[in-house]
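First up is the structure itself, then whatever we jot down about it.
No lab work stands behind these numbers, since they all come straight from the coordinates. If you're wondering where the values come from, they're calculated on a predicted model, not measured in any experiment. Positions of Cβ are generated from backbone atoms using ideal geometry, with glycine treated the same way; all protein chains shown enter the neighbour counts.
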Amino acid sequence: MPIPGPQNRRKYARLDIALTVSYAVEHSGGKLSEYAEATSSDISAGGLRLMTPTALTSGTKLDLEIYLGDDVEKKINAKGEVVWQNKISPTSFETGVLINQMDNDSKKRFMEFVFDQMSRVVGLGTVDRRP
């Protein structure tokens, strides 16, 4: 089980990037709340740090729609779980979300996006993955 809080040791490298993320709370029986919008402050292969407008308790299950850039068609779907949260203001909460389910195609696109963004940060530019 992850250590609560943003100070825990990282399993994956993190990338500071603002992405739009829509999330819905998954209630018992699989019923979802209405979607709310959040912004990532960093992402990794294993999770996201989100700025959410409402308080969420640790263990809350989330249905996630992560938008990779400006193109709404590049949305990926995932399931996540809140692992920690810090109150920034009455309407802003820093929220750590563990990604615990993502289909293979979404996982591949997400990993490629993270890798490409990290490559740009270290000065490698985009990476051509064609055979």
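Computed quantities for the displayed model
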| item | result |
| --- | --- |
| Which of Glu73, Glu65 has the fewest Cβ neighbours within 10 Å, and the rest in rising order | Glu73, Glu65 |
| Burial ordering of Tyr35, Tyr23, fewest other beta-carbon atoms within 10 Å first | Tyr35, Tyr23 |
| Residues with amide H under 5 Å from that of Ser41, placed H, sequence gap 5 or more | Arg49, Leu50, Met51 |
| Percent RCO, i.e. relative contact order, over the range 20-121, from Cα pairs under 8 Å lying at least 6 residues apart | 25 percent |
| Exceeding the 21 Å Cα-Cα cut-off - candidates Lys87/Lys108; Lys87/Lys107; Lys31/Lys107; Lys61/Lys87; Lys31/Lys74 | Lys87/Lys108; Lys87/Lys107; Lys31/Lys107; Lys31/Lys74 |
| Nearby aspartates and glutamates by direct alpha-carbon distance to Lys79 (threshold 18 angstrom, same-chain neighbours under 8 apart not counted) | Glu26, Glu34, Glu37, Asp42, Asp63, Glu65, Asp103, Asp105 |
| From phi via Karplus (6.51, -1.76, 1.60), per-residue ³J(HN,Hα) for the range 16-28 in Hz, x at Gly/Pro | 6, 7, 9, 10, 7, 10, 9, 9, 10, 6, 8, 8, 4 |
| Distant-in-sequence amide H partners of Gln101 (H built 1.01 Å from N, under 5 Å) | Lys79 |
